[in-house]
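Scroll down for the structure; my scribbles are underneath it.
Just so it is clear, none of the values below were taken in a lab; they were calculated from the coordinates. Since we're looking at a predicted model, the values are computed, not measured. Here Cβ is always computed from backbone atoms with ideal geometry, including for glycine, and neighbour counts include all displayed protein chains.
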Amino acid sequence: MKKGWKRLLAVGLCLFIAATMILHSELPVEAAAGKAAVRFLKGKWSSNSMVGDGKPAFYVTFTKNYAKYYEYQEKKDKYKYSYKVKIVSAKKSGDGYRIKLKNKNGKYCYQTADGNQKELWCYSTWKESAFPSCYSASSSLCRK
């Protein structure tokens, strides 16, 4: 009888471990931006797209967990908070950073421009191999 219980316990433990691994592998990975990334992203990042009077159409500020978007209101001649997007990760990439974001419309990321720490290029994907076809100049950001 003892051998039967040991075998049953071993099989049960194996099933529990396998089920736990499967469940954890399917959970979305979310990690707030680290201290270095937050320091790098600090400040106002303006869009490359401009409105009628030459002002950026929107700007973004980054926190540890969110990118906050402010849109320009032409009638009031000021920027107004519009929405925020969850930062999934912000990691060092080459000489800059890659910031992955996710909202109800999908995934996108900002990547520091080659050799330019004052530009964040926007891509409508997380897959680096697809970057050339997913680049968005008007959604890319810069800071002064």
Task: Alpha carbon centroid spacing (whole Å) that separates the stretch 74-117 from the stretch 121-144 - done: 10
Task: When each of Lys75/Lys102; Lys42/Lys78; Lys35/Lys78; Lys68/Lys91; Lys64/Lys107 is checked by Cα-Cα distance, pairs over 29 Å - done: Lys75/Lys102; Lys35/Lys78
Open item on the list: What does the net charge come to around Phe62 if you take all other residues with beta carbon closer than 9 Å to its beta carbon, with K and R at +1 and D and E at -1?
Closed with: +3
Task: Cα Rg, Dmax (largest Cα-Cα span) when computed across the stretch 39-144, Å - done: 13.4, 42
- [ ] Please work out how much length the chain gains when fully extended from Ser136 to Asp95, using 0.36 nm per residue of separation minus the C-alpha to C-alpha distance, in nm with one decimal.
- [x] 12.7 nm
Task: Cα→Cβ-extended label distance, 7 Å offset, between Asp77 and Met50, nm - done: 1.8
TODO: Can you figure out the FRET efficiency of Thr63 with Lys107, using R₀ = 25 Å and their beta-carbon distance, to the nearest 0.05?
DONE: 0.85
Open item on the list: So if I place +1 on the C-beta of Lys and Arg and -1 on the C-beta of Asp and Glu, and nothing else carries charge, what would the dipole magnitude of the stretch 35-142 be about its Cα centre? I want it in debye, nearest 20.
Closed with: 700
Open item on the list: Give the residue list of trypsin sites (Lys or Arg not before Pro) in the stretch 78-119 that are DSSP loop and have at most 11 other beta-carbon atoms within 10 angstrom.
Closed with: Lys104
